[in-house]
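Visitor: I am attaching a structure below and will ask some questions about it afterwards.
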Amino acid sequence: QKEVEQDPGPLSVPEGAIVSLNCTYSNSAFQYFMWYRQYSRKGPELLMYTYSSGNKEDGRFTAQVDKSSKYISLFIRDSQPSDSATYLCAMRTMEYGNKLVFGAGTILRVKS
Amino acid sequence: EAGVAQSPRYKIIEKRQSVAFWCNPISGHATLYWYQQILGQGPKLLIQFQNNGVVDDSQLPKDRFSAERLKGVDSTLKIQPAKLEDSAVYLCASSLAGEGDTQYFGPGTRLTVL
């Protein structure tokens with residue numbers, strides 16, 4: 001079993017839709033949770049960073065962490081064609097130092 | 001502020017050949033990471049440097065992969081000899097220090113082994 005599971009998609013939605021991206025994990029020691037966005041032929045860039053359980057909002061993006069269920073989500077409101085990319089969840093523990101464990105990534109396509 | 005630079009961007013080699021990748025981190029960043037991203041998978045950490053010392057190389061296939069960061073700035077990752085399964089994007093990232101700091105990624109080097 002992988003430490004971090006993420007549905008690879010692709011997920012195709014119309015412009016303006018609300019998008020929900022999810023990851024599950026098995027290691028209860030994970031404390032820090034991140035979402036990265038990766039455009040084609042580019043490196044990942046950090047979108048959201050949360051610690052422990054709860055919600056965090058930044059513009060059209062909301063990150064949600066439910067540690068009791070070992071489940072994290074990223075919501076994108078009013079999705080735009082420019083949001084089309086691969087979204088990677090990543091997480092780490094104090095025990096691993098700054099080592100990130102990534103999900104496989106979900107391909108998102110927003111159609112105009 | 002300039003980002004993480006990597007070269008070459010693309011490389012095609014035959015199996016059993018050698019290849020080297022170069023990374024220049026963001027100025028002032030003490031920590032440097034090399035990741036391997038196989039098509040359809042997330043990045044996997046190969047090695048982490050703090051200045052010129054190795055912090056974590058537990059997932060580096062040491063029989064064929066090597067990496068160095070001699071002066072605590074630039075780094076090179078080498079594969080010798082390459083296998084078909086080494087075909088992947090090799091990403092370099094850097095962070096200001098280490099613990100808790102955001103990792104900034106370069107564009108990657110896409111390696112194809114034939």
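Visitor: Under the 0.36 nm per residue contour assumption, what length would be gained going from the current alpha-carbon distance of A:GLU5 and A:TYR39 to full extension?
Guide: So the chain would gain 10.2 nm between A:GLU5 and A:TYR39.
Visitor: While we're on this one: What order do you get for B:ILE12, A:ILE72 when you list them from fewest to most C-beta neighbours inside 10 Å?
Guide: The most exposed by this proxy come first: B:ILE12, A:ILE72.
Visitor: Right, something else. Of A:SER52, B:GLY53, B:TRP34, which is farthest towards the positive pole of the protein assembly as shown's charge dipole, taken about the Cα centre with +1 and -1 on the beta-carbons of Lys, Arg and Asp, Glu respectively?
Guide: In the protein assembly as shown, that residue is B:TRP34.
Visitor: Rule-of-thumb check for region B:5-109: C-alpha Rg over 2.2 N^0.38 Å?
Guide: Output field value: 1.00.
Visitor: Starting from the Cα of A:LYS67, draw a straight line to each of the aspartates and glutamates and keep only those under 16 Å, dropping any in the same chain fewer than 8 residues away.
Guide: Candidates past the 8-residue exclusion: A:GLU3, A:GLU5.
Visitor: I would also like to ask the following. Efficiency by 1/(1 + (r/R0)^6): what FRET value for A:SER20 and B:TRP22, r their Cβ-Cβ distance, R0 = 45 Å, to the nearest 0.05?
Guide: Result of the calculation: an efficiency of 0.70.
Visitor: Among A:THR24, A:TYR39, A:GLY9, whose Cα sits farthest toward the positive end of the charge dipole of region A:1-44 (+1 at Cβ of Lys/Arg, -1 at Cβ of Asp/Glu, about the Cα centre)?
Guide: A:TYR39
Visitor: Let's see if you can work this out: charge +1 on each Lys and Arg Cβ, -1 on each Asp and Glu Cβ, no other charges. What is the dipole magnitude of region A:4-111 about its Cα centre, in debye to the nearest 20?
Guide: So the dipole magnitude of region A:4-111 works out to roughly 200 debye.
Visitor: Please work out the Cα convex hull volume for chain A and give it in Å³ per residue.
Guide: About 96 Å³ per residue, rounded to a whole number.
Visitor: Pick out, from A:ILE76, B:LEU70, A:TYR87, the residue whose Cα sits farthest towards the positive end of the charge dipole of the protein assembly as shown, with +1 on the Cβ of Lys and Arg and -1 on the Cβ of Asp and Glu.
Guide: B:LEU70
Any read-out appearing in this document is the output of simple, stated calculations on the displayed coordinates, not a laboratory observation. This is a predicted model, so every value here is computed, not measured. We place every Cβ from the backbone using ideal geometry, glycine too, and count neighbours over all the protein chains shown.
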